[in-house]
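Have a look at the structure below, then the notes.
The values are calculated or read from the model by the stated rules, or taken from the named source; none is laboratory data. Note that this is a predicted model, so its numbers are computed, not measured. Please note: Cβ atoms are built from the backbone with ideal geometry, for glycine as well, and neighbour counts cover all protein chains shown.
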Amino acid sequence: MTETPARRHRASTDVEHRIVVPAHLPVVALLGPGDEVLRAVERGFPAVGIHARGDQITLLGPPADVALVSRLLDELLEVAASGTVLDADVVGRSVQMLTAATASRPAEVLTQNILSSRGRTIRPKTVGQKTYVDAIDRNTVTFGIGPAGTGKTYLAMAKAVQALQAKQVNRIVLTRPAVEAGERLGFLPGSLSEKIDPYLRPLYDALHDMVDPDSIPRLMDSGTVEVAPLAYMRGRTLNDAFIILDEAQNTSTEQMKMFLTRLGFGSKVVVTGDVTQVDLPGGTTSGLRVVEDILDGVDDVAFCRLTSEDVVRHRLVGEIIDAYARWDTVTRDDADGHRDRPRRAGERPSRMGRSSRPGRAVLPGPSPAPDDDAPAPGSTQEEQE
């Protein structure tokens, strides 16, 4: 590999370190096609000179940077040895884990296979996702709360299929609230199935990624897999089942209680949702927003919070989530400031109940963002929740 002029000038404090790639692992598996992985490491650590020759990789640069790159390459070697294909995204996530000083190593996170299906392996990609998956294993009821694109529903679905294949449960029950129609679907055209299918489509899409599509009708006809709106859960007891409630931010407190009390013997429950995208009618409290306070101290119940750092969609999705969070904070502070201060001379109350200066537009308080989380039919794994 050609070294840049900056790398050829060795500072007196620079150190050199050599890494030998094990004989059983092709060097290309570490460097990536066209040295893609190596270039990604170089971009992340421009102060470190990296030279690959044969089965050896030489690092030259400041001691702290060389030590971190050495750790990174050791982790990538372990990930590559597990059969995982390395790319720039894997490098970026590994660097994030190492620099965040988390307890989990990149190799532990990126090699934890959940399910292999149709030539693809589903595994957590971030520390937050691994924590979520581990919580599902350890607890009877797990709440996955976080923004769009963090894999809440998709990973829960993978764990459900894994449990079914391992005969830990006898069936999978998938449910969502059909909240946009207030679960009163009679005014919509078409049969009942045609009315509710748009609300359940993301669950069907995830299922198609993990199970042979030809077997899905048979599984559903036999009751092994059931996809139904939340209203259909009332009055039931679900034994030996893996039950997933998706879009739980759109349940009322009464609906959340109703759902959680469906739990029967030998069952496991996962509840997923994004409390920043509530579509309930005005004045209705989201059951997902208050359930942690209600169940505080209850054994065998876990709450996992995913963040923009756990987003596995396009890079911009995480930045959009952070931007909306900042906007919510600013508008909330602005609203609180207007409510708290005395009205100035010449001001009149705004129609939203806050005072405003003449000619100045007043931003509304934080309102639920529109629910754009549901992927369209035929979406890929990376687009699933």
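General observations
- In summary, Phe303 fulfils each of the numbered conditions (1) within 20 Å of the chain's Cα centre (by Cα); (2) surrounded by fewer than 17 Cβ atoms within 10 Å (Cβ to Cβ); (3) over 24 Å from Gln168 (Cα atoms) with the single exception of condition (3).
- Selection status of Ala47, modelled with pLDDT under 90 and part of a loop (DSSP other than H, G, I, E, B): no
- Residues located in region 235-292, provided they are within 24 Å of Gly151 (Cα to Cα) and basic (Lys, Arg): Lys268, Arg289
- Residue match in region 277-298 (condition: closer than 23 Å to Ala158 by Cβ and in contact with a Leu (Cβ under 7 Å, 6 or more places away or on another chain)): no
- Breaking point among (1) among the polar types (S, T, N, Q); (2) in contact with a helix residue (DSSP H, G or I) (Cβ under 7 Å, 6 or more places away or on another chain); (3) more than 26 Å from Ile243 (Cβ to Cβ), for Thr142: (3)
- Hits in region 24-46 - residues which are within 17 Å of Gly92 (Cα to Cα) and hydrophobic (A, V, I, L, M, F, W, C): Ala29, Leu30, Leu31, Val37, Leu38, Ala40, Val41, Phe45
- Hey, Ala156 closer than 26 Å to Leu288 by Cα, among the hydrophobic types (A, V, I, L, M, F, W, C), touching a residue at least 60 places away in the same chain (Cβ under 8 Å) and surrounded by fewer than 23 Cβ atoms within 10 Å (Cβ to Cβ) or not: no
- Any hit, region 29-42, residues being on the phi > 0 side of the Ramachandran plot, modelled with pLDDT under 90, outside any strand (DSSP E or B) and among the acidic types (Asp, Glu): yes
- For region 73-120, the candidate set comprises residues that are of a type in the set (Ser, Thr, Tyr) and surrounded by 15 or more Cβ atoms within 10 Å (Cβ to Cβ); within that set, the residue that is farthest from Leu59 (Cα to Cα) is Ser117.
- Unique match (being within 17 Å of Val173 (Cα to Cα) and surrounded by fewer than 21 Cβ atoms within 10 Å (Cβ to Cβ)) among Thr284, Thr329, Thr237, Thr253: Thr237
- Matching entry among Asp134, Asp55, Asp89, Asp74 (being assigned by TED's automatic domain parsing to the domain that holds Leu263 and free of Cβ contacts under 8 Å to residues at least 60 places away in the same chain): Asp134
- Boolean, Lys195 is over 20 Å from the mean Cα position of the chain (by Cα), modelled with pLDDT under 90, in a helix (DSSP H, G or I) and not β-branched (Val, Ile, Thr): yes
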